[in-house]
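The values are calculated or read from the model by the stated rules, or taken from the named source; none is laboratory data. Note that the structure is predicted; figures quoted are calculated from it, not measured. Here the Cβ is made from the backbone with ideal geometry for all residues, glycine too, and neighbour counts use every protein chain on show. To get the accessible areas, we keep the full protein, side chains included, count just its heavy atoms, and leave off ligands, DNA and RNA. Shrake-Rupley method; radii C 1.70, N 1.55, O 1.52, S 1.80 Å.
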Amino acid sequence: MTHKPIKPRKCRNRSCRKVFVPGLPLQTVCGLPCAIALIDDRKAKQRAKQEKIERKQINERRLELKPLQYWLKRAEKAVNAFVRERDKDEPCISCGTADSPEWHAGHFIPATAHATRFDPACIHKQCAKCNVFLGGNQTQYEIRLVAKIGQEEVNRLKNSPRSRKWTREECQGIEAEYKEKLNELKRNIYMGEKHD
């Protein structure tokens, strides 16, 4: 019985990659130095993988120690980004201007500890002048808001509970939800522009 000759192959050591004829069927490297280098490379990869796992665990522990205020701000940032994208082609909800050096996500009902803090029906594109210097320009905001979403919805916002305690988990859920909604909105806009 004759054995098939072993075909030449490339050395598995990345720094060598020399073509050699193996002395054994399962031989993957051309010699002892490359075998040692390959083992060292595998150990380095395992160490790097373990370090990545440890860094992830440390980051998770750090996040667990963050105060509630941190999570409230992250959730608010995600909702506001969604609102600014949703309303990007609309004028200021309060004064109707389409020209402002800075745009905000202005709340119809002030956000602090209110149940409507993350409700997108309560948050609309607003110019910096109305939001900051005119205290939200509430009278004009309400008039235009009724025209935009209807009196029934405005009444719902006005009659919502005045205070609400949010949990870290709720804030994380809101952040994730509105990041996904923002991505979906951008995808839909992109797809719409592509088909035009």
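Among residues that are touching a Lys or Arg at 6+ places or on another chain (Cβ under 9 Å), within 21 Å of Q126 (Cβ to Cβ) and exposed (fewer than 13 other Cβ atoms within 10 Å of the Cβ), K88 is included.
Pairs linking a residue in the stretch 98-123 that is under 14 Å from E85 (Cα atoms) to a residue that is part of a loop (DSSP other than H, G, I, E, B), with Cβ atoms under 7 Å and 6 or more positions apart or on different chains, are G106/I93; G106/G136.
Among the residues making up the stretch 101-146, a single one is surrounded by 14 or more Cβ atoms within 10 Å (Cβ to Cβ), hydroxyl-bearing (S, T, Y) and modelled with pLDDT of 90 or more: Y141.
A search for C-beta distances below 7 Å between a residue of the stretch 11-27 that is free of Cβ contacts under 8 Å to residues at least 24 places away in the same chain and any residue that is of a type in the set (D, E, K, R) and open to solvent by 100 Å² or more (accessible area, probe 1.4 Å), counting only pairs 6+ apart in sequence or on different chains, returns C11/R17; C11/K18; R17/K10; V19/K10.
Counting only helices (runs of 4 or more DSSP H) that fall entirely inside the stretch 114-196 and contain at least 3 residues that are aliphatic (A, V, I, L, M), the qualifying elements are 138-149, 168-195. When R61 is tested against (1) surrounded by 10 or more Cβ atoms within 10 Å (Cβ to Cβ); (2) of a type in the set (K, R); (3) assigned to a helix (DSSP H, G or I), only condition (1) is not met. Out of the residues in the stretch 147-166 that are of a type outside the set (A, V, I, L, M) and open to solvent by less than 60 Å² (accessible area, probe 1.4 Å), state the one that is farthest from K66 (Cα to Cα). Step by step, filter the stretch 147-166, then rank; the result is G150. Just checking, does the stretch 26-49 include any residue being touching a Ser or Thr at 6+ places or on another chain (Cβ under 7 Å) and open to solvent by 50 Å² or more (accessible area, probe 1.4 Å)? Taking every residue of the stretch 26-49 in turn, none turns out to be touching a Ser or Thr at 6+ places or on another chain (Cβ under 7 Å) and open to solvent by 50 Å² or more (accessible area, probe 1.4 Å).
Suppose we filter the stretch 167-194 for residues that are more than 15 Å from R117 (Cα to Cα), modelled with pLDDT of 90 or more and surrounded by fewer than 12 Cβ atoms within 10 Å (Cβ to Cβ); how many remain? Residues that pass the stated criteria total 2.
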